[in-house]
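S.K.: One structure is given below, represented as structure tokens, and several questions about it will come after.
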Amino acid sequence: MTLTATIPEGDLPEGGRHPLRLNGWPILLCRSDGAIRAVIDRCSHQASPLADGRVRRGMIMCPLHGARFEIASGRCLAGGYAALKTFETTVIDGIVQVDVPDKAPPPELQPVG
Ligand code: FES
């Protein structure tokens with residue numbers, strides 16, 4: 001895992017989402033209940049991006065069919081789907097850092113074209 005700097009923590013308000021691609025991984029930063037965390041930006045149901053999902057009370061809701069996931073653990077709380085991959089985050093000198101796997105993501109998570 002490699003620590004990768006992303007955005008100033010002040011750029012992510014409560015309930016905010018910020019999609020990124022780091023080392024090929026689609027990652028979504030979310031702030032809920034004050035904490036900034038990172039999950040894979042693909043729903044485990046049909047791989048919809050989650051960046052337009054509502055973030056509330058430590059959960060994110062998939063905008064496509066409404067599955068809800070706990071942001072801290074990635075666990076699916078409503079919908080019965082697999083857990084989301086999560087990434088460790090840290091704030092250093094006000095900048096959000098994400099631990100990104102050294103290896104590239106599987107082909108289904110790589111950008112098209
Ligand atoms: S794609 Fe997310 S719930 Fe169906």
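S.K.: Specify which residue in the list Val96, Thr2, Ile36 is farthest towards the positive end of the charge dipole of the chain, using unit charges on the beta carbon of Lys, Arg (+1) and Asp, Glu (-1), about the Cα centre.
M.R.: Ile36
S.K.: Now, a different point. Counting only heavy atoms of protein chains, what accessible area per residue, in Å², does the chain have with a probe of 1.4 Å?
M.R.: On a per-residue basis, the chain sits at 53 Å².
S.K.: Let me know the charge dipole size of the chain about its Cα centre in debye, to the nearest 20, where only the beta-carbon of Lys, Arg (+1) and Asp, Glu (-1) is charged.
M.R.: 420 debye
S.K.: Give me the net charge for the shell around Cys43: Cβ to Cβ below 12 angstrom, other residues only, Lys and Arg +1, Asp and Glu -1.
M.R.: Around Cys43, the charge tally is +1.
S.K.: Let me ask you something else. Starting from the Cα-Cα distance between Arg57 and Asp11, subtract it from 0.36 nm times their residue separation and give me the gain in nm to one decimal.
M.R.: Additional length available on full extension: 14.6 nm.
S.K.: Can I ask one more? Scan around Val96 for amide H atoms under 5 Å from its own, H built in the peptide plane at 1.01 Å from N, and keep only partners 5 or more places away or cross-chain.
M.R.: HN-HN under 5 Å from Val96: Thr6, Ile7, Glu9.
S.K.: Still on this structure, I have one more. For Glu70, what accessible surface area do you get with a 1.4 Å probe? Give it in Å², rounded to 10.
M.R.: Probe radius 1.4 Å; accessible area of Glu70 about 60 Å².
S.K.: Using only the Cα atoms of the stretch 20-113, what are the Rg and Dmax in Å?
M.R.: Calculated on Cα positions, Rg and Dmax stand at 12.8, 38 Å.
S.K.: Quickly work out the Asn23-to-Asp102 label distance, labels modelled 7 Å from Cα along the C-beta direction, and quote it in nm with one decimal.
M.R.: 0.8 nm
S.K.: Got a number for carbon plus sulfur as a percent of the stretch 1-105's accessible area, 1.4 Å probe?
M.R.: Here carbon and sulfur together make up 47 percent of the probe-accessible area.
S.K.: How high is the relative contact order of the chain? Use alpha-carbon pairs under 8 Å, at least six apart in sequence, and give a whole percent.
M.R.: It comes to 30 percent, rounded to a whole number.
S.K.: Label Asp93 and Ala47 with points 7 Å out from Cα along Cα→Cβ: what is the distance between them in nm?
M.R.: 3.8 nm
The values are calculated or read from the model by the stated rules, or taken from the named source; none is laboratory data. Predicted model only: the values in this text are computed from it and were never measured. So basically every Cβ, Gly included, is an ideal-geometry build from the backbone, and we count neighbours across all protein chains shown. Areas reflect the complete protein model, heavy atoms only, side chains present, ligands, DNA and RNA absent. Shrake-Rupley method; radii C 1.70, N 1.55, O 1.52, S 1.80 Å.
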